[in-house]
Amino acid sequence: MIQKTFHAAVFVSLTILTQVGGVIYLCSILLISKWKRKYRWKRIVLFLSLYLLATLFLIPRVALIFGRQKIEQLSHIQYHNVLTALCNRNYVSKELHRVLIDISLQLQEHSPNIQLVYLDANFPFIDGFPLLPHLSHNDGKKIDLSFVYQDLDGNVTNDKPSNSGYGVFEYPQLREKNQTEQCKSQGNWQYDFTKYLTFGSADQLELNPETTKRLIKLLCKHPKTQKVFIEPHLKERWGLQSDKIRFQGCSAVRHDDHIHLQIN
Ligand SMILES: [Zn+2]
């Protein structure tokens, strides 16, 4: 009974984190089913080997058949944290992949060393399967992108202040709209929950508003873009006019630490 509960808990956790990890774990149990200490280690090694082989070689090919593409690592487009790729959280539709390539090349026309840095995207398979905690990242058409930062000497960099890419906020100033206060006062306790999910942060970086604004304008200008989420105070502070920039609602989390892009 304890065994079964343990296996079920591992299966669910791996499925939530990586989508395919749970199924690969089941395969390892079927291949090595004995519950003795020495077999347990063998099973862990087998699982890790199968998982890595699948993640690196098999899933990218199979996902293509189902219309999802692993985001290529290019000089102009990169993940922020390697766990995004290791957990298979870097898949998008073919259309969104083309949009990301377009935007990253346009960004480099003005800022040659600046990469389009992405955070959580989607899993490789099944429309409707959410990439938690982002409920809407479930069809290959959504992705989170990082703001652009500079070091304390004002040099624009591809580094980010948060290890996860989330949770280091650009707070509203005194006279700006404080959406977080408003949402939390309505009982939406989760609205700034990402502050607990930085996994470590660096304070030698500050936002570079010019390049971040340019990136958001490029996103809004792209004909395939349907919605861009950032917090209302940043839209106002940066004088952004596009009606594609929306407020995501209080039931989501705050968007003054990253940009959410959604295409048609
Ligand atoms: Zn998002």
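The values are calculated or read from the model by the stated rules, or taken from the named source; none is laboratory data. Not measured: the values here are computed from a predicted model. Cβ sites come from the backbone with ideal geometry, for glycine too, and all protein chains shown count toward neighbours.
Screening the candidates GLN73, GLN108, GLN150, GLN78 for the property of being more than 16 Å from the ligand (Cβ to nearest atom) and modelled with pLDDT under 95 yields one hit, GLN73.
Per the conditions (1) within 25 Å of LEU119 (Cβ to Cβ); (2) surrounded by fewer than 18 Cβ atoms within 10 Å (Cβ to Cβ); (3) touching a Gly at 6+ places or on another chain (Cβ under 7 Å), the sole criterion not satisfied by PHE11 is (1).
Here GLY249 passes the criteria (1) under 21 Å from GLN115 (Cβ atoms); (2) modelled with pLDDT under 95; (3) within 16 Å of the ligand (Cβ to nearest atom); (4) not polar (S, T, N, Q) except the one numbered (1). Checking the stated criteria, GLN186 turns out to be at pLDDT 95 or above and surrounded by fewer than 18 Cβ atoms within 10 Å (Cβ to Cβ). When SER162 is tested against (1) in contact with a Phe, Trp or Tyr (Cβ under 9 Å, 6 or more places away or on another chain); (2) more than 16 Å from the ligand (Cβ to nearest atom), only condition (2) is not met. Which residue out of THR225, THR194, THR198, THR211 is polar (S, T, N, Q), closer than 14 Å to SER146 by Cβ and within 16 Å of the ligand (Cβ to nearest atom)? Only one candidate qualifies: THR194. Filtering segment 65-110 to residues that are part of a loop (DSSP other than H, G, I, E, B), of a type in the set (A, V, I, L, M, F, W, C) and touching a helix residue (DSSP H, G or I) at 6+ places or on another chain (Cβ under 8 Å) leaves ILE71, CYS87.
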